[in-house]
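Structure first, then comments.
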Amino acid sequence: MSNKIDEYFRILVEQGGSDLHLSEGQPPKIRVHGEVTAVSEHELTHQDMIDLMEPICPPKLWQDFTEGGDADFAYEMDETSRFRCNYMKQQRGYCCVFRLIPTKILTLEQLNVPEQIKRFGEMRSGLVLVTGPTGSGKSTTLAALIDYINTNFSRHIITVEEPIEFVHPSKNSIITQREVPSNCPTFADGLRASLREDADIVLVGEMRDLETISLALTAAETGLLVFGTLHTNNARKTVDRIIDVFPAEQQSQARTMLAGSLRGVVAQLLMKRCDKPGRVAVNEILFATPAVSAIIREGATQKLADVITGGKGLGMQFMDDAIWQKLQQGLVSPEEAYMKAIDKGRFKNFLPKEMANMANAGGA
């Protein structure tokens with residue numbers, strides 16, 4: 001049976017969008033290639049929002065939302081359209097955001113990410129962090145990496161997600177997917193339980209609190225391969241974020257644990273293409289080496305950029321180098337490269353004169 005909201009989901013799919021935004025007092029809007037546009041002039045009323053939101057929401061979660069103001073779940077419209085749903089209350093009333101989740105898991109080759117990312121799937125233990133801002137394609141890249149393992153190796157892979165996004169059929173590996181809070185109360189609970197469930201690999205959907213991060217480090221030290229995600233833009237910020245979660249008196253021990261268990265970081269950004277509609281992914285890649293471990297133990301993360309830049313022969317890639325490559329290939333504009341770069345001075349000379357003058361005036 002079709003739900004009223006499916007009409008908007010179909011518009012999203014037909015226009016190649018990624019997100020649907022519904023907000024009380026506003027017209028419905030979708031995001032296509034990073035740009036948000038309205039799909040109708042009708043401003044949604046409180047009753048409109050209830051009629052759209054309630055039918056697709058599990059009753060217990062609808063109660064949680066109406067009482068507490070937030071809910072997260074997944075909704076499947078049909079075999080090819082699945083959505084990550086977030087409900088919230090805001091100043092004007094009810095609001096919700098839906099992210100379209102592709103039901104077909106793309107391969108690493110189809111995503112056109114660097115070949116060396118496969119090496120993380122071939123590891124047997126340790127911590128691998130896939131990072132980037134919201135909407136940068138972390139989940140898509142991680143799903144492709146899990147699918148690579150599932151296709152080529154015989155492992156037991158446990159995922160702990162909120163909600164489950166990509167559904168993995170078991171191939172050569174056994175895949176066990178657990179959803180927070182319906183299958184386990186928290187990420188930390190799911191991670192703790194995995195230590196007793198004969199797992200080889202654990203994917204933690206979000207590492208956002210001390211308990212989850214501490215358990216991930218412990219699991220990686222005890223021989224599991226742990227994949228986790230963080231909302232950081234590059235390897236240095238990722239290491240700093242992990243350590244900063246710990247209280248000051250525990251940070252020295254945390255640096256030692258991270259130095260021993262970290263196997264690598266894949267940071268990802270999406271950049272708007274200038275050659276055709278769409279976006280292209282750029283990646284920073286760090287592989288843990290004795291030099292990286294020493295830097296983490298010392299707390300000298302400012303040195304990581306030099307290690308990555310000098311580690312090209314080992315498969316490492318610095319974010320600004322990846323952005324530079326896309327600029328040289330004519331895939332992104334100088335303005336987009338400048339906005340996303342860490343060292344903006346490297347890209348300033350490529351800006352149109354007016355923008356370059358503004359950048360100089362701003363001291364960037």
(request) Name the single residue, out of those in the stretch 83-128 being in contact (Cβ under 8 Å) with a residue 60 or more places away in the chain and of a type in the set (Gly, Ala, Ser), that is surrounded by the most Cβ atoms within 10 Å (Cβ to Cβ). (result) Gly126
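Quick one: which strands (runs of 3 or more DSSP E) lie wholly within the stretch 1-118 and hold at least 3 residues that are farther than 24 Å from Thr140 by Cα? Don't jump to the end; show me each part of the working.
Numbers: elements: 19-23, 29-32, 35-38, 70-78, 81-90, 93-102.
Correct list: 81-90, 93-102.
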(message) I want to confirm something. Restricting to the stretch 131-175 and keeping residues that are closer than 17 Å to Ala216 by Cβ and outside any helix (DSSP H, G or I), which single residue is most open to solvent (accessible area, probe 1.4 Å)?
(response) Glu162
(request) Provide a single number: the residues in the stretch 222-243 that are open to solvent by 40 Å² or more (accessible area, probe 1.4 Å) and in a helix (DSSP H, G or I). (result) 4
(message) Pairs please, first residue from the stretch 29-48 and within 18 Å of Val280 (Cα to Cα) and touching a residue at least 12 places away in the same chain (Cβ under 8 Å), second anywhere and polar (S, T, N, Q) and open to solvent by less than 60 Å² (accessible area, probe 1.4 Å), Cβ atoms under 7 Å, 6+ apart in sequence or on different chains.
(response) Arg31/Ser18
(message) For the stretch 202-221, which positions are closer than 16 Å to Leu258 by Cα and surrounded by 22 or more Cβ atoms within 10 Å (Cβ to Cβ)?
(response) Met207, Thr212, Ile213, Leu215, Ala216, Leu217, Ala219, Ala220
(message) Conditions first: (1) in contact (Cβ under 8 Å) with a residue 24 or more places away in the chain; (2) open to solvent by less than 50 Å² (accessible area, probe 1.4 Å); (3) more than 22 Å from the chain's Cα centre (by Cα); (4) more than 21 Å from Gly137 (Cα to Cα). Ser333 passes all but one, so which condition is the exception?
(response) (4)
(message) Being open to solvent by less than 60 Å² (accessible area, probe 1.4 Å) and touching a Gly at 6+ places or on another chain (Cβ under 9 Å) is true for just one of Ser40, Ser23. Which residue is that?
(response) Ser23
(message) For the list (1) charged (D, E, K, R); (2) more than 21 Å from the chain's Cα centre (by Cα); (3) modelled with pLDDT under 95; (4) closer than 29 Å to Arg178 by Cβ, I need the number of the one condition that Asp72 fails.
(response) (2)
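Could you list, in sequence order, all residues of the stretch 59-76 that are touching a residue at least 40 places away in the same chain (Cβ under 8 Å) and not small (Gly, Ala, Ser)?
Our first condition is that a residue be touching a residue at least 40 places away in the same chain (Cβ under 8 Å); within the stretch 59-76, this holds for 72-74.
Correct list: Asp72, Phe73.
Could you tell me whether the stretch 346-354 includes any residue that is within 24 Å of the chain's Cα centre (by Cα) and among the acidic types (Asp, Glu)? Show your work before the answer.
We begin by selecting, within the stretch 346-354, every residue within 24 Å of the chain's Cα centre (by Cα); these are none.
No: zero hits.
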(message) Restricting to the stretch 56-67, give me the number of residues that are closer than 18 Å to Pro163 by Cα and either in contact with an Asp or Glu (Cβ under 8 Å, 6 or more places away or on another chain) or open to solvent by 30 Å² or more (accessible area, probe 1.4 Å) (or both).
(response) 7
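For the stretch 186-201, state whether one or more residues are in a strand (DSSP E or B) and farther than 21 Å from Thr289 by Cα.
yes
In the stretch 244-274, which residue that is of a type in the set (Val, Ile, Thr) and under 21 Å from Gln317 (Cα atoms) is surrounded by the most Cβ atoms within 10 Å (Cβ to Cβ)? Break it down into steps so the answer makes sense when it comes.
Step one: filter the stretch 244-274 for residues of a type in the set (Val, Ile, Thr), giving 245, 256, 265-266.
From what is left, the residues that are under 21 Å from Gln317 (Cα atoms) are 265-266.
Values: Val265: 30, Val266: 27.
Going through the qualifying residues, I end up with Val265.
The values are calculated or read from the model by the stated rules, or taken from the named source; none is laboratory data. Computed from a predicted model, the values in this text were never measured in an experiment. Methodologically, a virtual Cβ is constructed for each residue, glycine included, from the backbone with ideal geometry; neighbour enumeration extends over all protein chains shown. The accessibility values were calculated without ligands, DNA or RNA, using every heavy atom of the protein model including side chains. Shrake-Rupley method; radii C 1.70, N 1.55, O 1.52, S 1.80 Å.
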